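One structure below.
The values are calculated or read from the model by the stated rules, or taken from the named source; none is laboratory data. Computed from a predicted structure; not experimentally measured. So basically every Cβ, Gly included, is an ideal-geometry build from the backbone, and we count neighbours across all protein chains shown. For accessibility, only protein heavy atoms count, side chains too; no ligands or nucleic acids. Shrake-Rupley method; radii C 1.70, N 1.55, O 1.52, S 1.80 Å.
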Amino acid sequence: MCSVIQRVIVLNKKKKTSSMTTPALPPCIGLLPAGKNNLITDVSGLKVGHSTVSDGIHQTGVTVITPHSGNLFCDKVPAAATVLNGFGKSVGLVQVEELGVLETPIALTNTFSVGAMAQAQIRQSINENPEVGRAWSTVNPLVFECNDGYLNDIQAMILNDSHYAAALGAADTQFTQGAVGAGRGMSCFELKGGIGSASRVATLATGQTYTVGALVLSNFGRLPTFTLAGKHLGTLLKERLEQRPLTEEKGSIIMIVATDAPLDSRQLRRLSLRAGVGLSRTGAFFGNGSGDISLAFSTAYTLPQQTDRPMPSVAFLHDALMDPLFQATADSVEQAIIHALWHATTTEGRDGHRRVSLRDLAPDLQNLLVS
């Protein structure tokens, strides 16, 4: 769960203490306990892997999320998505909306590498299922993107099958956050952004407990609107940042939400919508040029590809019991965004472009949070 240090940061906001140093951990969001590692992989069965390219003008990569360790095409998981603002080039959302399932791992990457990652997913699925596109139906690749072109030479399109395979092969329950994988070249609130993750444990009125985890590809926002744990810091931090101001938001964020609660695709869409609550708390307003998309899926059951296998008999949660899951989603997404900023490191990329990390810009961050 959230550490004592994190809780003290939140509680001390009311005490106006001033003689404090930068905390070893970021502030904890909300009142719900975190899962064991405060990662999306606290939802049992999930793994996350990265493939990172950091070579001069090339600052990019791939991040892959696997919902379970089996054959996803044969054993699909229920899912649904919400498009808060559709300035994006993701692949696969149309079929997710229609059928309500995932049948490949989820890939995150830069905008111009969507096609390459989709092709890599198709090849991987064919290798695992030789009848895909022949005796069986075609596979639906699912790739999300953000534009990392400020730091990365996005026109080079250097990512290929090998990078996807490397991310998939590296998938584990423990993974790095910040400027890694798909997050390597991303910016957030004009600072260094990237990959962030968090989890929360929700207790229902019935006494049942379920885990909700979030992973974000954070690449959005204007610094003056930045809010951290309810504290508006953007204006102050902007004064410290010596660079050309943004006149409009041209970034994006992808929010992936996972849970072990038994929900159908309709209920998962409701869950995905609540990711927008956590996003808005950080100061986002879904700007014109920002592609803000969330996807939620459940690991509680799988759905078979073949008709000779029985469909599962699932006792879904009653809608009236879902409020703790909604709260857990909002809190874990907000926390994941903070983690993306917190773990990111100052990065230089193409044409001398540079993004400063939050911790480099504000080494006195704890003082700012309690002042």
When both residues are 6+ apart or on different chains and their Cβ atoms are under 6 Å apart, which pairs have a first residue that lies in region 111-130 and is closer than 13 Å to LEU142 by Cα, and a second that is in a loop (DSSP other than H, G, I, E, B) and open to solvent by 60 Å² or more (accessible area, probe 1.4 Å)?
VAL114/LYS89; ALA116/ASN160
Mind checking whether some residue in region 300-318 is closer than 26 Å to VAL114 by Cα and either open to solvent by 10 Å² or more (accessible area, probe 1.4 Å) or of a type in the set (A, V, I, L, M, F, W, C) (or both)?
yes
Answer yes or no: is there a residue in region 77-94 that is in a helix (DSSP H, G or I) and surrounded by fewer than 17 Cβ atoms within 10 Å (Cβ to Cβ).
yes
Taking region 282-299 and keeping only residues that are open to solvent by 10 Å² or more (accessible area, probe 1.4 Å) and either in contact with a Pro (Cβ under 8 Å, 6 or more places away or on another chain) or without any contact (Cβ under 8 Å) to a residue 60 or more places away in the chain (or both), one is left with THR299
Residues of region 278-330 being part of a loop (DSSP other than H, G, I, E, B) and of a type in the set (Ser, Thr, Tyr), which ones?
THR282, SER290, THR299, TYR301, THR302, THR307, SER313
Residue that is open to solvent by less than 30 Å² (accessible area, probe 1.4 Å), within 30 Å of LEU325 (Cα to Cα) and either in a loop (DSSP other than H, G, I, E, B) or at pLDDT 95 or above (or both), where the choices are ALA107, ALA118
ALA107
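Only residues that are of a type in the set (Val, Ile, Thr), farther than 13 Å from ILE195 by Cα and in a loop (DSSP other than H, G, I, E, B): list them for region 331-365, please. I'd like the intermediate steps shown before the answer.
From region 331-365, those of a type in the set (Val, Ile, Thr) are 333, 337-338, 345-347, 356; that's our starting set.
Those left that are additionally farther than 13 Å from ILE195 by Cα: 346-347, 356.
Residues satisfying the conditions are THR346, VAL356.
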Considering (1) surrounded by fewer than 24 Cβ atoms within 10 Å (Cβ to Cβ); (2) not in a strand (DSSP E or B), say which one TYR210 fails and leave the rest.
(2)
